[in-house]
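One structure is given below, encoded as structure tokens.
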Amino acid sequence: MAVKLPIYMDNAATTRTDPRAVEAMLPYFTEKYGNAASRNHKFGWEGEDAVDLAREQAAALIGASPKEIVWTSGSTESNNLAIKGAARMYAKTPDARHGANGTTGGRGHIITVAHEHKAVLDPCKRLQSEGFDVTFLQPPADGVITRSMIAAALREDTILVTVMWANNEIGTINEIPEIGALCHERGVIFHTDATQWVGKMPTDVERDSIDLLSWSSHKMYGPKGVGALYVRRRNPRVRLEAIQDGGGHERGMRSGTLNVTGIVGFGKACELAMHSMESERERLLSLRRKLERELSSRLEVVQVNGHADRRVPHILNISFGFVEGESLLMGIKDIACSSGSACTSASLEPSYVLKSLGIGDELAHSSLRLSLGRWSTEEEVDYAVEGIVKAVNHLRTMSPLWDLHKEGIDVSKIQWQTH
Ligand SMILES: *Cc1c(COP(=O)(O)O)cnc(C)c1O
């Protein structure tokens, strides 16, 4: 079977919307277009019924009750609402910026990790400027955050712990149920950004002791611009200070007319994920293992980033020594994936996630994140392996450093002459 180019291996960035989700959405554009908050006519009731069904589908996927689901525009918003909403609600003292005593308020302690998504780190930094004390834990070299790391960071005044379930760059899985149990023992609110986990791996907010959980439709074959936040209603009942004021939708936590069409598609995507989770996980895992095995056996000086086994099935992050990252990307133009470099305003910065694991700038730049999805095929994996092997070998034939390495010289110990 011929492979259609370019091939898509960037499913951790976004996924194709499942045609079955699109089909479910279509009537809600032009026929059933009512506002779900219109209580006095059929159009409104149709919208509300559709949203109710989606709420059940989303809740079922994570073992929650429908009343515990708050619709948002995606994980960025869910994380903001969870983190700022909980911190401000459970703050120990009022916002010092509005009082007479300067800005150090001692408003409470928050724990997070340096390799979280920016949609967690930036809200935490915002809270820091509001007088909260934030600990940004440094991850270990394998990237896995354990219960004991959190236990060591907990303080008397800790009000919130936020740790992602699976890392979006390296795919590593943190000890979420264990951290959840610890937080519940200590009476601390626990939030997890589960964007790369939900829909791919079994999730049960009761069993896993989670108070707040963010996830996003477009990372699991639903449409873009819609997401959800799970907010625990009992044992304990978690309250949030709203960020957006308006009509009091979503029990006052998130005002704004609901994106009925998007929610219908998201709900359908949740239902589809429930049914295909087991088989899809097996399939993706075997494809990723093949990708990993072939690249590691056919190329020298290759390093898989993050823990060897504690990883979600769809993400492989791999570094190739002695190649330049930009040139590598140019050499595999028909393989859509992400690199270990992030474009900032002026330059290419090595990924802060890889750096936080202690990976050097050079190797971080020469890393690829290959992420598989529902429509990835074995032929595509084979094609990607051939393409990457060819590009890496080609770049190395032109690299003087690679020649030195092959002659047995430790390139890292060379004293370069500078002028
Ligand atoms: C994609 C992603 C986000 C952002 O989600 P949006 O729905 O695009 O706002 C947040 N966290 C993680 C881990 C992600 O992978």
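The values are calculated or read from the model by the stated rules, or taken from the named source; none is laboratory data. These numbers come from a predicted model, not from an experiment. Cβ coordinates were reconstructed from backbone atoms using ideal geometry, including for glycine residues, and neighbour counts include every protein chain displayed.
Miscellaneous remarks
- Qualifying positions in the stretch 189-211 - crowded, with 21+ Cβ neighbours inside 10 Å and on the phi > 0 side of the Ramachandran plot: GLY199
- Within the stretch 399-413, residues that are assigned to a helix (DSSP H, G or I) sit with their Cβ atoms under 9 Å from residues that are aromatic (Phe, Trp, Tyr) and surrounded by 14 or more Cβ atoms within 10 Å (Cβ to Cβ), at 6+ positions apart or across chains, in these pairs: LEU401/PHE322; TRP402/PHE322; HIS405/PHE322; VAL411/PHE322; VAL411/TRP402.
- Within the stretch 332-350, considering residues that are modelled with pLDDT of 90 or more, crowded, with 17+ Cβ neighbours inside 10 Å and not in a strand (DSSP E or B), the one nearest to the chain's Cα centre (by Cα): CYS337
Each row is one residue, and each column tells you yes or no for (1) farther than 16 Å from LEU182 by Cβ; (2) touching a residue at least 40 places away in the same chain (Cβ under 8 Å).
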{"site": "LYS125", "(1), (2)": "yes, no"}
{"site": "PRO139", "(1), (2)": "yes, yes"}
{"site": "ILE159", "(1), (2)": "no, yes"}
{"site": "ALA166", "(1), (2)": "yes, yes"}
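- Count of residues meeting criterion [outside any loop (DSSP other than H, G, I, E, B) and surrounded by fewer than 24 Cβ atoms within 10 Å (Cβ to Cβ)] in the stretch 217-237: 1
- Test: ARG207 is without any contact (Cβ under 8 Å) to a residue 40 or more places away in the chain, in contact with a helix residue (DSSP H, G or I) (Cβ under 9 Å, 6 or more places away or on another chain) and among the basic types (Lys, Arg): no
- Checklist (1) closer than 30 Å to THR15 by Cβ; (2) part of a helix (DSSP H, G or I) applied to HIS394, failing item: (1)
- Qualifying position, being in a helix (DSSP H, G or I) and in contact with a Cys (Cβ under 6 Å, 6 or more places away or on another chain), among ALA151, ALA58, ALA54: ALA58
- Residues that are assigned to a loop (DSSP other than H, G, I, E, B), surrounded by 24 or more Cβ atoms within 10 Å (Cβ to Cβ) and touching a helix residue (DSSP H, G or I) at 6+ places or on another chain (Cβ under 6 Å) within the stretch 166-188 comprise just one, GLU169.
- Residues located in the stretch 302-331, provided they are hydrophobic (A, V, I, L, M, F, W, C) and either assigned to a loop (DSSP other than H, G, I, E, B) or over 20 Å from the mean Cα position of the chain (by Cα) (or both): VAL302, ALA308, VAL312, PHE320, PHE322, VAL323, LEU328, LEU329, MET330
- Residue check for ASP122: of a type in the set (Asp, Glu), more than 17 Å from ASP193 (Cα to Cα) and modelled with pLDDT of 95 or more: no
- Residues in the stretch 308-325 that are crowded, with 18+ Cβ neighbours inside 10 Å and either closer than 22 Å to ASP410 by Cα or not β-branched (Val, Ile, Thr) (or both): ARG311, PRO313, HIS314, LEU316, ASN317, ILE318, SER319, PHE320, GLY321, PHE322, VAL323, GLY325.
- Odd one out for ARG288 among (1) surrounded by 21 or more Cβ atoms within 10 Å (Cβ to Cβ); (2) assigned to a loop (DSSP other than H, G, I, E, B): (2)
- Single match in ALA82, ALA114, ALA60, ALA37 (criterion: within 16 Å of the ligand (Cβ to nearest atom), surrounded by fewer than 20 Cβ atoms within 10 Å (Cβ to Cβ) and either of a type in the set (A, V, I, L, M) or assigned by TED's automatic domain parsing to the domain that holds GLY199 (or both)): ALA114
- Of the residues GLU326, GLU250, the single one that is in contact (Cβ under 8 Å) with a residue 12 or more places away in the chain, of a type in the set (Asp, Glu) and in the same structural domain as THR377 (by TED's automatic domain parsing) is GLU326.
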